[in-house]
Amino acid sequence: MNILAPSILAADFSKLGEQIGQAGAAGAQYLHIDVMDGVFVPSISFGMPVVRTIRKCTDLFFDVHLMIEKPERYVSEFAECGADLINFHLEATEDVPNVIEKIRSLNKKVGVTMKPATPVKEVEPYLKLVDMVLVMTVEPGFGGQELMPACLEKVRDLRQILSDRGLDSVDVEVDGGINENNLGQVLAAGANVIVSGSSVFQNDIDANVKKFLNIMKQTAAEGK
Ligand code: DX5
Ligand code: ZN
C-alpha cells in the first residue's frame, strides 16, 4: 500500500497540533518524526517530550526516524512515548540485530535506515527481520534539500532483492527532497512509503497532502 508520511520537521512548531490535524484530515496516514542528536547529524531537532505531547492529539501512525548515535540507548523511551515504528540508522550502531530485537521486544514495528552512501548490500542481512527499509534520498540532517537521483537506483535494487526473496510485504520508505514533480519517479522505483516535509507543510497543507495522495493513487491504479 502507498502511504504518505508528512515530516513535522517542516511544520510551524507554534501550531504543531493544528498542522498535524490538517495533514491527518486531508488523508495522510503516517506522521514522520525526525529526531536529531547533533552528533550523528549536525543538527538538533526535538526529542521525547515533543513526541509524548503530540501523541495526545492524533491517532496517526508515528514513524519515528532516529538520527542518533547508538539508538539502542533510547528505543525504549521512544516506544513508551508513542512511536508505532522506530527507524534507526545502520551506520549509527555496532550491533544492528540487537537494536532490531530490542524494538521487537517492545512490540513496535522496526525500520532500518540507510544514508545515501551506504550500499544496499549492507542492509541485506536484515531484510527478513524488519518491517521497513528507509532509503535516505538526501544526506540526513536537514529538511528542504534536493533529492539525489542516484539514491533511486538503490530503491530499485532493494525492491528487486525483496521481491526475489518473497519479502514484498517489507515497506520501502524514501525521505528527502520529494515533491509532486519527482514523486512519480520515486514510486516507479519501488518506494511505497513517502516522506515529505517542506512540500507538505509549506502553504496549503490540505491541498499539498491531497496532491500527493492523488499522484500516489493514480500510480497505484496504473500498476507502476
Ligand atoms: C532529513 C529528514 C527528513 C526531512 C525531509 O534529515 O530525515 O525527514 O524532514 O524534509 P524534505 O521533504 O523537506 O526534504
Ligand atoms: Zn526523516
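The values are calculated or read from the model by the stated rules, or taken from the named source; none is laboratory data. Computed from a predicted structure; not experimentally measured. Reconstructed Cβ throughout: ideal geometry from the backbone, glycine too, with neighbour counts over all protein chains shown. For the accessible areas, the whole protein counts, side chains as well, though only heavy atoms, and no ligand, DNA or RNA atoms are used. Shrake-Rupley method; radii C 1.70, N 1.55, O 1.52, S 1.80 Å.
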*Scan the stretch 142-169 and report the pairs whose first residue is in contact (Cβ under 8 Å) with a residue 40 or more places away in the chain and whose second residue is away from ligand 2 (no atom under 16 Å from the Cβ) and open to solvent by 100 Å² or more (accessible area, probe 1.4 Å), with Cβ atoms within less than 9 Å and a gap of 6+ or a chain change.*
LEU167/LYS128
*Using the structure shown, decide if LEU213 is more than 16 Å from ligand 2 (Cβ to nearest atom), crowded, with 21+ Cβ neighbours inside 10 Å and within 25 Å of ILE20 (Cα to Cα).*
no
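Among the candidates ASP59, ASP34, ASP84, which residue alone is more than 15 Å from ligand 1 (Cβ to nearest atom), touching a strand residue (DSSP E or B) at 6+ places or on another chain (Cβ under 8 Å), among the acidic types (Asp, Glu) and closer than 20 Å to GLY17 by Cβ?
Of ASP59, ASP34, ASP84, the one residue that is more than 15 Å from ligand 1 (Cβ to nearest atom), touching a strand residue (DSSP E or B) at 6+ places or on another chain (Cβ under 8 Å), among the acidic types (Asp, Glu) and closer than 20 Å to GLY17 by Cβ is ASP84.
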*asked:* Which numbered condition in (1) in a loop (DSSP other than H, G, I, E, B); (2) open to solvent by less than 10 Å² (accessible area, probe 1.4 Å); (3) in contact with a Leu (Cβ under 9 Å, 6 or more places away or on another chain); (4) closer than 20 Å to GLN145 by Cβ is the only one that PHE40 fails?
replied: (2)
*Write out, first by first residue and then by second, each pair whose Cβ atoms fall under 8 Å of each other, whose residues are 6+ apart or on separate chains, and whose first residue, in the stretch 70-84, is among the small types (Gly, Ala, Ser) while the second is surrounded by fewer than 18 Cβ atoms within 10 Å (Cβ to Cβ).*
SER76/LEU106; ALA79/LEU106; ALA79/ASN107; GLY82/ARG52; GLY82/ARG55
*asked:* Here is a check on your reading of the model: is ALA11 among the aliphatic types (A, V, I, L, M), within 16 Å of ligand 2 (Cβ to nearest atom) and in contact (Cβ under 8 Å) with a residue 60 or more places away in the chain?
replied: yes
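Return yes when LEU31 is in contact with a Pro (Cβ under 9 Å, 6 or more places away or on another chain), free of Cβ contacts under 8 Å to residues at least 60 places away in the same chain and not in a helix (DSSP H, G or I) and no when it is not. So that I can check it myself, show each step before the final result.
Values: in contact with a Pro (Cβ under 9 Å, 6 or more places away or on another chain): yes; free of Cβ contacts under 8 Å to residues at least 60 places away in the same chain: yes; not in a helix (DSSP H, G or I): yes.
Spelling it out, LEU31 is indeed in contact with a Pro (Cβ under 9 Å, 6 or more places away or on another chain), free of Cβ contacts under 8 Å to residues at least 60 places away in the same chain and not in a helix (DSSP H, G or I).
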